[in-house]
Every structure is written in structure tokens, then in C-alpha cells.
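The block underneath contains the structure these notes are about, expressed in C-alpha cells.
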Amino acid sequence: MKTPYDVIIAPIVTETSVDRTAEKKYTFKVARSANKVEIKQAIEKIFDVKVLNVNTMTVKGKKKRQGKFVGLRPTWKKAIVQLSEDSKEIKFFEGM
């Protein structure tokens, strides 16, 4: 069985994702095998918040070259989680 820490890998902190925190939307890198229900349960358990909506997308890996050799970065999954209005802020994103 997966633990919540197996589902949620890392928060994504970019300009766009930090701007979305005003709307109570937070962005996370998640396991590729995780579905929306697992992501919702993991966020609620780790941060003790109420999740309204989860949007997921698969980000394709980019081609990278080193000299004549061509490689591929790994494909990964991203989740944008919207919290309810009465829910508290996630502490990790405060002050950014």
C-alpha cells in the first residue's frame, strides 16, 4: 500500500504556481501511477486541509543532447490541487 509520501513527491515552486496560491491552488510533482483520489487523500492527510478539486497532467520528458548522444529526460506527472475556502494555507508556500 502506498503512503501519502509515496504519492506526493515534491512541491513545484515557480512564478506561476506561487501566483496561484492566492486562489488556494497549489502545484505538486506526484507519482506517475497516482490517480486523483489518491492525490486528494495524500494532500488532506499530509497538510490537514480540505481539497475541493484535483487536476492532473503528464509532462513529457524533453530531448537532451550531450555531444553526439541524444537522451531523454524522464516523463513526470503534475497535480494542481484546489483547497476549499475555509481550509487553512499550506505552510510550505507561505512567504514566497
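Any read-out appearing in this document is the output of simple, stated calculations on the displayed coordinates, not a laboratory observation. Note that the structure is a prediction, hence the values are computed from the model and not measured. We place every Cβ from the backbone using ideal geometry, glycine too, and count neighbours over all the protein chains shown.
With 31 Å as the limit, the listed pairs Lys64/Lys91; Lys60/Lys91; Lys63/Lys91; Lys64/Lys88; Lys2/Lys60; Lys36/Lys68 have Lys64/Lys91; Lys63/Lys91; Lys64/Lys88; Lys36/Lys68 beyond it between alpha carbons. Modelled spin-label separation between Ile80 and Lys25, with each label point placed 7 Å from Cα along the Cα-to-Cβ direction: 0.3 nm. Note: the chain, Cα convex hull, 112 Å³ per residue.
Sorting 21-33, 50-62 by average packing, meaning the other beta carbons within 10 Å per residue, from highest down gives 21-33, 50-62.
Helix 36-47 sits at what angle to the longest principal axis of the chain, using alpha carbons and giving 0 to 90 degrees rounded to 10? That works out to roughly 60 degrees.
A full extension of the chain between Ile46 and Ala10 corresponds to an added length of 11.7 nm, given 0.36 nm per residue minus the alpha carbon distance.
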